[in-house]
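J.: Take a look at this one; I'll ask things after.
Values quoted throughout were computed directly from the atomic coordinates according to the rules given, and no laboratory measurement underlies them. Computed from a predicted structure; not experimentally measured. All Cβ positions, even for glycine, are placed from backbone atoms using ideal geometry, and neighbour counts span all protein chains on display.
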Number of protein chains: 4
Amino acid sequence: MEQAERVAGGLRARYDAVRAFTESLCAPLCAEDYVVQSMPDASPVKWHLAHTAWFFEAFVLGQRAGYAPFHPQFGYLFNSYYVTVGERHSRPRRGVLSRPTVEETYRYRRHVDEHMRALLDEIAAGRHLDLAFTIEVGLHHEQQHQELLLTDLKHAMAQNPLRPAIFGGAPPGRRGGAAGELRFVEHADAVRWIGHGEGGFAFDNEAPRHRVFVGAFALADRPVTCGEYLEFMRDGGYARPELWLSGGWDAVVANRWEAPLYWEPRDGGLQLFTLRGLRAIDADEPVCHVSHYEADAYARWAGARLPTEAEWETAAQGALAAAGEVAGGAAPGEAA
Amino acid sequence: MEQAERVAGGLRARYDAVRAFTESLCAPLCAEDYVVQSMPDASPVKWHLAHTAWFFEAFVLGQRAGYAPFHPQFGYLFNSYYVTVGERHSRPRRGVLSRPTVEETYRYRRHVDEHMRALLDEIAAGRHLDLAFTIEVGLHHEQQHQELLLTDLKHAMAQNPLRPAIFGGAPPGRRGGAAGELRFVEHADAVRWIGHGEGGFAFDNEAPRHRVFVGAFALADRPVTCGEYLEFMRDGGYARPELWLSGGWDAVVANRWEAPLYWEPRDGGLQLFTLRGLRAIDADEPVCHVSHYEADAYARWAGARLPTEAEWETAAQGALAAAGEVAGGAAPGEAA
Amino acid sequence: MEQAERVAGGLRARYDAVRAFTESLCAPLCAEDYVVQSMPDASPVKWHLAHTAWFFEAFVLGQRAGYAPFHPQFGYLFNSYYVTVGERHSRPRRGVLSRPTVEETYRYRRHVDEHMRALLDEIAAGRHLDLAFTIEVGLHHEQQHQELLLTDLKHAMAQNPLRPAIFGGAPPGRRGGAAGELRFVEHADAVRWIGHGEGGFAFDNEAPRHRVFVGAFALADRPVTCGEYLEFMRDGGYARPELWLSGGWDAVVANRWEAPLYWEPRDGGLQLFTLRGLRAIDADEPVCHVSHYEADAYARWAGARLPTEAEWETAAQGALAAAGEVAGGAAPGEAA
Amino acid sequence: MEQAERVAGGLRARYDAVRAFTESLCAPLCAEDYVVQSMPDASPVKWHLAHTAWFFEAFVLGQRAGYAPFHPQFGYLFNSYYVTVGERHSRPRRGVLSRPTVEETYRYRRHVDEHMRALLDEIAAGRHLDLAFTIEVGLHHEQQHQELLLTDLKHAMAQNPLRPAIFGGAPPGRRGGAAGELRFVEHADAVRWIGHGEGGFAFDNEAPRHRVFVGAFALADRPVTCGEYLEFMRDGGYARPELWLSGGWDAVVANRWEAPLYWEPRDGGLQLFTLRGLRAIDADEPVCHVSHYEADAYARWAGARLPTEAEWETAAQGALAAAGEVAGGAAPGEAA
Ligand SMILES: [Fe+3]
Ligand SMILES: [Fe+3]
Ligand SMILES: [Fe+3]
Ligand SMILES: [Fe+3]
């Protein structure tokens, strides 16, 4: 019983925090900002808000007898890609929907919150414990959509010739000063354990934990900076096919790429579009919004290559181990 | 001087009425409804509101020294197709713009209204009389956009699976009772005067007045009803290529047309989507939202054909003359 | 009986001449040239050859009991757009068919010729006279396709970077010398008879003969020359939106038009691609391969406009009458 | 010197054999078959013939001073994707080229052959030994294109409603009788050496030899048969989204997949289209022309999964080792 209470308590705290954070991201928006969809792969903010509520409704609340959905058609509108759950509204047409309004969307969230909290009370009382894991999934799902929401919102605002500064205030300062010289950290070859093991949450594509032979490699100790990337650009990076993968070069030509996304020529220089508006590029900040193709071409130009997933995870585990947080690159009961 | 006052007074009354009517159409909308664009050929309501203000700003107010535009980029955003006035925002991307907000759009209109009323005062005082005609054009332009606004809004709402009833209240009743038997009114062959003559406003493509030989023809005395169109449908109208123009048949196949736009199968019957929501089809009301191809196929099926523009204008002039309003199909001082 | 013989004799002479002329156009081609299709709207030469044979097979020979089609699937492959005759092969995919081969296609034509000649013998003997008109249609149909065949072939060859000179020999010299000054011929306003009357063949869209009021107009006495068109180009014709219809300007921008089709920049000048290869442009020859939009923009630039169909037919009738060939712009027994 | 002779002798024998085999594949074709291109990703046979000759011209013969290319524009026409070698003709437009003709294409190949044989004589005499490797690459390149040529030809013929049997003779019988029960062969987990080591030719993406940890797995001892695949189909394989990857299900819906490519419903059953025409499907033959998505869905349905590249190479090395041909899964001088 105590364990049920503890589980429910933990879930409730996280539920409240995650849901509130999603909405705090939207606080500076006006109703119109919630509606627009800038490309088929993106979704309106409104859709993200409703879809993350729908997830709890469909996969948690809807599993219990007697729950009446908030609206009979919201399942159709806010299902995304879960083919087995039924038909759904066409993704590229999400920006055509003015209704439900923003206000009704928030009411939908309130409705779901109320029922979720009642359910968490029941879980605390030892009932429906089997739903705890799906609630956990739903929270991670919503956190993923927080990232998508910001990404989609930024893309939409960047299409607007007014380049609106959606979030107020000055851009947050970069922590620390100059980027410092880039150094490569060596890793010996070894069979490594990769993937999520026991304990804590992970998405299914992060498991099972398995062994990978990782050859000796060296990984840079910090991200590439905008200043370094500018050198690549000034060295003709976007005009030299030999630096690019074949598909990458096709993309350069087809899309006329000349700089990372959101870098804009203004007043003879380059500026960066952010949700706080346009601002100067800081040569010491990490370069962002480059495609895999651009990252790959940069690495080739720099005489290096991109790391594999296993190399990256190896390095990350090492960094965590060095920080004393986890046991490192070995499975329990096994020498590295 | 008196004439200037009369002209300005007439313009101001019409200006106030037209501008207010545009906004009265939008009164039932929520902010989200103003934003959506359902297809490349349509525009958001917000765009119509701003574009019709921009017309007065660009072609009337902007002609006077010293006028400062409300916003330096609105010319770019709300110019439509007037290539010679400068670059403009891509039409199919109008639905991506959340800003300016609805509220700011109305402020834009208020700004233009203020300056326009000041200008009308000056005209009343005998200055800037040369702008009177462009103001007249701007009012007709805004009236055209009232029709577009409703058409685009209806299309957008029809894409929404919720089929929202934007306008409240019951659908207005059709005037009159049963449609009555369709009769054909005969017209003898003659050289007719067609197009706008002197007096009153007309768009440039309605002039000049010119002569056309119109062969003998007969035109129905009332529109085709939904009931009659249903007979065409039940007789396989949408499945018989011999009834259609070649391009029309291609459209039937490509778009899987089976009924007029906004006719929807519901509960085993057909319903009509309107801005007041779905409702039953009245067999006696005129059929609407048929393409030229559908009208042409219907006419062929009915053993008739569509009238030419000159035939239609001939018949319309006759009806007006019969009503004692105009002199009929001849130019002043000339025998038919 | 004598009349049947005369009709059949006339038809046979024309049949032999038309069919032979089609094939003479293809004599310089190699097998590969018959196969290619350069755009969805064009057809391979091979297709034209088979399709014109199929017309006689489907609409003439196939009307008689006992005729066995040359190949059971050729109706499917070589039907073009006659929806009511049955399903057909997709037009944009005609260039994917290597079979039937060129040789088999000619055997198909021989087969049809044999049966057509036997039929013409029967017509001479007074039987099947009802098929004479369809044979006449088939011959005009084949003549239309002669024009299409050359047009499509030229387009295909122009796509080939080798710019092959398909037809041998030097380009035929232009008849006559300098173009001479362009003069406008005046026509008074009048009700004119337009369209095909009695006697001789005409396609159905050329009839019936009907009256049109044609206002006073003046038409140039010769085509616009390449030299005149070059002046339009040098005066910025392709860069001035005010000279173009709205759809025309869209086409200029979308297709980056800068000159008529088949005008190619070579060695600092402009050359003309023809089926005899590239050659210099003659300033005195009529400009060809301009779209309706280009012709319209040229006319506007020149302070004129394109004639209507009725104006053109009026002028052509006048020229024929002046040459003593026909009675002119009036119906028999009627004053103009 | 003897080594140069041996190298040149070996290359010449292989050169003659590979070039002759390419042409033997085309022997049954008529000129028209060489021209067609059935989709943007495919190339005409003629293009394959010229492109494989161009490879030797550009990368071998062209490296020597004094070589004059057969035709100045063939580099443009028959370069494929080697961006660094220069501009090239648009791939999806290859089927628009009737010229060079088939006959000229073979002359091109003869020209290249002549020069290549003269070069091989020089290599035998000890000169230009550095070109030997590129010649080896060119032969493997041409063998790759033999496979592409047949694949593209088959696709083109399958688009033709006549379903032409390009190759004569009866289909070759399948070797052996019934497929036998499918058994899974177990492999223990181990670090394996993967990729091309020393000796013999390999493409650059097959090297370098490197270690991979391959977890324990079992691989079937023979391909899946058409009979087994039919069971999958009859069990609703193409109608059950849960069996497919997300992109796979999208492909099923978008392309209306219901069976492997080239399986055609005929006379109530299924037939297989081959270059020898349509024939019955043999339940015991391996299923062919399934996409990765279809193979994946089948495997999931069968309670298995597709092998990784390393698993497949492990199993293949084991089979080769069992056959006594190679040393197996270990690097030289290292225990497995
Ligand atoms: Fe989601
Ligand atoms: Fe407008
Ligand atoms: Fe035709
Ligand atoms: Fe290649």
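J.: Put a point 7 Å out from Cα along the line to Cβ at D:P69; what are the distances to that point in the other copies, in nm, shortest first?
T.: 4.7, 5.1, 6.3
J.: Can you tell which of A:G199, A:G318, A:G237 shows the greatest fluctuation in a Gaussian network model of chain A with Cα springs below 10 Å?
T.: A:G199
J.: Relative to the compact-globule scaling 2.2 N^0.38 Å, provide the ratio for the alpha-carbon radius of gyration of chain C.
T.: 1.16
J.: How large is the convex hull of the C-alpha atoms of segment D:1-60 per residue, in Å³?
T.: 96 Å³
J.: Let me ask something else about it. Give me the net charge of D:F232's neighbourhood, meaning all other residues with Cβ under 14 Å from the Cβ of D:F232; Lys, Arg count +1, Asp, Glu -1.
T.: -4
J.: In which sequence would D:F56, B:F201, B:F232 go, from the one with the fewest C-beta neighbours within 10 Å to the one with the most?
T.: Arranged by neighbour count, lowest to highest, D:F56, B:F201, B:F232 become B:F201, B:F232, D:F56.
J.: Now a separate question. Can you list the residues, at least 5 places off or on another chain, whose amide H is less than 5 Å from the amide H of B:Q271, using H built in the peptide plane?
T.: Residues meeting the criterion, in which the H sits 1.01 Å from N, are B:E264, B:R266.
J.: Report the Cα-based extents of segment B:2-158 along its three principal axes, largest first, to the nearest Å.
T.: Each principal axis gives a Cα extent; for segment B:2-158 these are 50, 31, 24 Å.
J.: Next question. If you average 1/r across every pair of different Cα atoms in segment C:198-320 and take the reciprocal, what Kirkwood value do you get, in Å?
T.: After inverting the pairwise mean of 1/r, the radius is 16.8 Å.
J.: For segment D:52-59, what does the Karplus curve 6.51 cos²θ - 1.76 cosθ + 1.60, with θ = phi - 60°, yield as ³J(HN,Hα) per residue in whole Hz, taken in order and with x for Gly and Pro?
T.: Whole-Hz 3J(HN,Hα) from phi for segment D:52-59: 5, 6, 4, 4, 5, 5, 6, 9.
J.: Positive end of the charge dipole of segment D:226-301 (Lys, Arg +1 and Asp, Glu -1 on Cβ, about the Cα centre): tell me which of D:Y262, D:I281, D:M233 has its Cα farthest that way.
T.: With unit charges placed on the Cβ atoms, the residue in question is D:Y262.
J.: In percent, what relative contact order does segment A:64-139 have, based on Cα pairs under 8 Å that are 6 or more apart in sequence?
T.: Over segment A:64-139, the number comes to 16 percent.
J.: When a footprinting reagent is the concern and you count Cβ atoms within 10 Å, what order do A:L320, A:L97 take, fewest first?
T.: A:L320, A:L97
J.: For segment C:2-158, what is the relative contact order in percent, using Cα pairs closer than 8 Å and at least 6 residues apart in sequence?
T.: 41 percent
J.: Taking 1 over the mean of 1/r across every pair of different Cα atoms in the protein assembly as shown, what Kirkwood radius in Å do you get?
T.: 39.1 Å
J.: Ok, one more. With the label 7 angstrom out along Cα to Cβ, how close does B:E198 come to the same site in each of the other copies, in nm, nearest first?
T.: Copy-to-copy label distances at B:E198, shortest first: 4.8, 10.1, 10.6 nm.
J.: May I ask you to report, in nm to one decimal and beginning with the shortest, the distances from D:G268 to the same position in the other copies, taking label points 7 Å along Cα-to-Cβ?
T.: 3.8, 7.8, 8.4
J.: Along the charge dipole of segment B:2-158, Cβ charges K/R +1 and D/E -1, which of B:H51, B:A124, B:A8 sits furthest on the positive end?
T.: Checked the options; the winner is B:H51.
J.: Still on this structure, please answer the following. If one computes the Cα centroid of segment D:1-41 and of segment A:32-73, what distance in Å separates the two points?
T.: Cα centroid to Cα centroid, the span is 60 Å.
J.: Along the Cα→Cβ direction, 7 angstrom out, place labels at B:D204 and A:L162. What is the inter-label distance in nm?
T.: 3.2 nm
J.: Same structure, new question: Tell me, what ³J(HN,Hα) does each residue in segment C:230-245 have, in order and in whole Hz, if you take phi through Karplus 6.51 cos²θ - 1.76 cosθ + 1.60 with θ = phi - 60° and put x for Gly and Pro?
T.: Per residue, the Karplus-derived 3J(HN,Hα) values read 4, 4, 4, 5, 5, 8, x, x, 8, 10, 10, x, 5, 8, 10, 4 Hz.
J.: Then there is this: Normalised by the number of residues in chain C, what is the relative contact order in percent for Cα pairs under 8 Å and 6+ residues apart?
T.: For chain C, the relative contact order is 17 percent.
J.: Further question: Which residue is it, in chain A, whose C-beta lies closest to the A-to-D rotation axis, and what is that distance in whole Å?
T.: A:F213, 2
J.: Only counting other Cβ atoms within 10 Å, I'd like C:E142, B:E136 sorted with the fewest neighbours first.
T.: Taking fewest neighbouring Cβ atoms as first place, the list is B:E136, C:E142.
J.: Per DSSP helix of 4 or more residues, -39500 (n - 2.57); summed, then divided by the residues of chain A. What does that give at 222 nm, rounded to the nearest 500?
T.: About -13500 deg cm²/dmol.
J.: Follow-up. Using only Cα atoms and rounding to the nearest 10 degrees, what angle (0 to 90) does helix A:102-124 make with the longest principal axis of chain A?
T.: 70 degrees
J.: Place a +1 charge on the Cβ of each Lys and Arg in the protein assembly as shown and a -1 charge on the Cβ of each Asp and Glu, then give the dipole magnitude about the Cα centre in debye, rounded to the nearest 20.
T.: Magnitude of the dipole: close to 20 debye.
J.: In segment B:120-137, whose amide N lies under 17 Å from the spot 7 Å out along Cα-to-Cβ of B:F21? List them in ranges.
T.: B:135-137
J.: Pop out the ³J(HN,Hα) list for segment A:30-45 in order, Karplus 6.51 cos²θ - 1.76 cosθ + 1.60 with θ = phi - 60°, rounded to Hz; leave Gly and Pro as x.
T.: Ordered by residue, 3J(HN,Hα) equals 9, 3, 4, 5, 6, 9, 6, 10, 8, 6, x, 7, 9, 10, x, 3 Hz.
J.: Can you list the residues, at least 5 places off or on another chain, whose amide H is less than 5 Å from the amide H of C:V224, using H built in the peptide plane?
T.: When sequence neighbours closer than 5 places are left aside, the close amide H contacts are C:V287.
J.: Another question about this same structure. List the residues whose amide H sits under 5 Å from the amide H of D:R192, counting only those 5 or more places along or on another chain, with H placed 1.01 Å from N in the peptide plane.
T.: D:V212, D:F213, D:V214
J.: About its Cα centre, what dipole magnitude does segment A:226-301 give when the only charges are +1 on Lys and Arg Cβ and -1 on Asp and Glu Cβ, stated in debye to the nearest 20?
T.: In debye, rounded to 20, segment A:226-301 gives about 220.
J.: For D:A188 paired with B:F133, estimate the spin-label separation in nm (one decimal), with each label point 7 Å from Cα along the Cα-to-Cβ line.
T.: 9.9 nm
J.: Nearest 20 debye, what's the magnitude of the dipole of segment C:2-158 about its Cα centre given +1 on Lys and Arg Cβ and -1 on Asp and Glu Cβ?
T.: The calculated dipole for segment C:2-158 is roughly 300 debye.
J.: With Kirkwood's inverse mean 1/r over C-alpha pairs for Rh, give me the Rg to Rh ratio of segment B:108-216, two decimals please.
T.: That ratio is 1.12, to two decimals.
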